[in-house]
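Here is the structure we will look at, set down as structure tokens.
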Amino acid sequence: MERFANKVVMITGGASGMGKEMAFMFQAEGATVIAADVSEQRLNDLSKEGIDARYVDVSNEEHWRQLADDVYQKYQRIDVLVNNAGISSEKTIEEIEAADWETMMNINGFGAFAGMKHVVPYMKKHQEGAVVNISSYTAQVGMGLNVYTASKGAVRAISRAASVQYGPSGIRVNAVFPGVIETPMTKGLQESQETLQRLVGATPLGRLGKPREVGQAVLFLASEEASFITGAELVIDGGFTSQ
Ligand SMILES: NC(=O)c1ccc[n+]([C@@H]2O[C@H](COP(=O)([O-])OP(=O)(O)OC[C@H]3O[C@@H](n4cnc5c(N)ncnc54)[C@H](O)[C@@H]3O)[C@@H](O)[C@H]2O)c1
């Protein structure tokens, strides 16, 4: 089934982990995929696989302006935007400096906001489009007060607000909330047997998630199958937040 034939899909953080997996999943379903990332080495590898790989720092508004403009000029449409780029931090409240707060908010929060600000106007030209923002289960439950949690709370809030703002233009905006997923970002957690056992033990399905399992939800929300779904919040966490 090719749900994304003739569709143009932009994914940030598309050179690693979930973003990379999603890039290939969208491509396998017929999409032209643009993967935007700051990792030049990984972008080079991606472009060999038929992905339009672009160097973009999502916290830089000028990069967004240029990217959205270039992609629209080249393909004459933008159908899907997945705001997936992100960084994480384990710093505690006492360790967090103003600069840490700023960097995290700029990449995880402003990055997703700026993506919508610059890409949605091109979707509006066709009166259709779908945005999927990657938040985190940490924005849903009261664990780990840190700057990462705060940034993902921002993603949650702007997703809902954007769904209301853009609905009348035919553009849907949804957010997903992954639990702990096996990607380079969580390598450290996975390598500590103690942490791994604790996380797995606290997850009703008894394991960590796979990038593909997040991708399947993202592709659904981005597809026509979700044509009446906007402003939705979907947890993909093996049941963690339902406790
Ligand atoms: N892995 C998890 O358990 C988990 C859980 C919940 C949410 N998330 C979120 O999912 C998203 C993907 O995470 P992942 O686990 O695949 O991580 P990852 O580290 O494998 O991939 C993140 C990608 O984002 C890119 N990136 C970082 N800063 C960037 C910037 N300023 N501009 C452009 N690209 C940038 C990185 O280069 C990398 O390719 C992130 O937003 C993360 O916060 C991850």
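A quick yes/no check of all residues on (1) modelled with pLDDT of 95 or more; (2) closer than 12 Å to V80 by Cα; (3) outside any strand (DSSP E or B); (4) polar (S, T, N, Q):
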residue: M1; (1), (2), (3), (4): no, no, yes, no
residue: F4; (1), (2), (3), (4): yes, yes, yes, no
residue: G14; (1), (2), (3), (4): yes, no, yes, no
residue: G19; (1), (2), (3), (4): yes, no, yes, no
residue: F24; (1), (2), (3), (4): yes, no, yes, no
residue: G30; (1), (2), (3), (4): yes, no, yes, no
residue: Q41; (1), (2), (3), (4): no, no, yes, yes
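Out of segment 217-228, which residues are in a helix (DSSP H, G or I) and loosely packed, with under 15 Cβ neighbours inside 10 Å? Break it down into steps so the answer makes sense when it comes.
Taking segment 217-228 as the starting set, the residues that turn out to be in a helix (DSSP H, G or I) are 217-222, 224-226.
Listed by number, the residues that qualify are E224, E225.
Take R160 and decide whether it is over 22 Å from I87 (Cβ atoms), surrounded by 14 or more Cβ atoms within 10 Å (Cβ to Cβ) and at pLDDT 95 or above.
Numbers: over 22 Å from I87 (Cβ atoms): yes; surrounded by 14 or more Cβ atoms within 10 Å (Cβ to Cβ): yes; at pLDDT 95 or above: yes.
The answer is yes for R160.
Within segment 48-81, can you find the residues that are within 16 Å of the ligand (Cβ to nearest atom), among the aromatic types (F, W, Y) and part of a helix (DSSP H, G or I)?
W64 - this is the single residue of segment 48-81 that is within 16 Å of the ligand (Cβ to nearest atom), among the aromatic types (F, W, Y) and part of a helix (DSSP H, G or I).
Output the residues belonging to segment 118-141 that are within 16 Å of the ligand (Cβ to nearest atom) and farther than 14 Å from D237 by Cβ. Give the steps one after another, and end with the answer.
Going through segment 118-141, the residues within 16 Å of the ligand (Cβ to nearest atom) turn out to be 118-119, 131-141.
H118, V119, V131, V132, N133 - these are the residues of segment 118-141 that are within 16 Å of the ligand (Cβ to nearest atom) and farther than 14 Å from D237 by Cβ.
Where residues in segment 1-47 are among the basic types (K, R) and near the ligand (Cβ under 9 Å from one of its atoms), which of them is surrounded by the most Cβ atoms within 10 Å (Cβ to Cβ)? Break it down stepwise before answering.
The first filter runs over segment 1-47 and keeps only residues among the basic types (K, R), leaving 3, 7, 20, 42.
From what is left, the residues that are near the ligand (Cβ under 9 Å from one of its atoms) are 20, 42.
On the way: K20: 25, R42: 17.
Per the stated criteria, the residue is K20.
Tell me which residues, restricted to segment 174-214, are within 8 Å of the ligand (Cβ to nearest atom) and either over 21 Å from K20 (Cβ atoms) or in a loop (DSSP other than H, G, I, E, B) (or both).
G179, V180, E182, T183, L208 - these are the residues of segment 174-214 that are within 8 Å of the ligand (Cβ to nearest atom) and either over 21 Å from K20 (Cβ atoms) or in a loop (DSSP other than H, G, I, E, B) (or both).
Kindly list, by first and then second residue, each pair from a residue in segment 128-156 that is crowded, with 19+ Cβ neighbours inside 10 Å to a residue that is among the charged types (D, E, K, R) and assigned to a helix (DSSP H, G or I), limited to pairs with Cβ atoms under 8 Å and residues at least 6 apart or on different chains.
Listed by first residue and then by second, the contacts come to S135/K152; S135/R156; S136/K152; T138/K152; A139/K152; A139/R156; Q140/R156; V147/D100.
Conditions (1) without any contact (Cβ under 8 Å) to a residue 40 or more places away in the chain; (2) of a type in the set (V, I, T), marked per residue:
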site	(1), (2)
K7	no, no
T12	no, yes
M22	no, no
A28	yes, no
E49	yes, no
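The values are calculated or read from the model by the stated rules, or taken from the named source; none is laboratory data. Just so it is clear, the structure is predicted and the values come from calculations on it, not from any experiment. Virtual Cβ from ideal backbone geometry, glycine too; neighbours counted across all protein chains shown.
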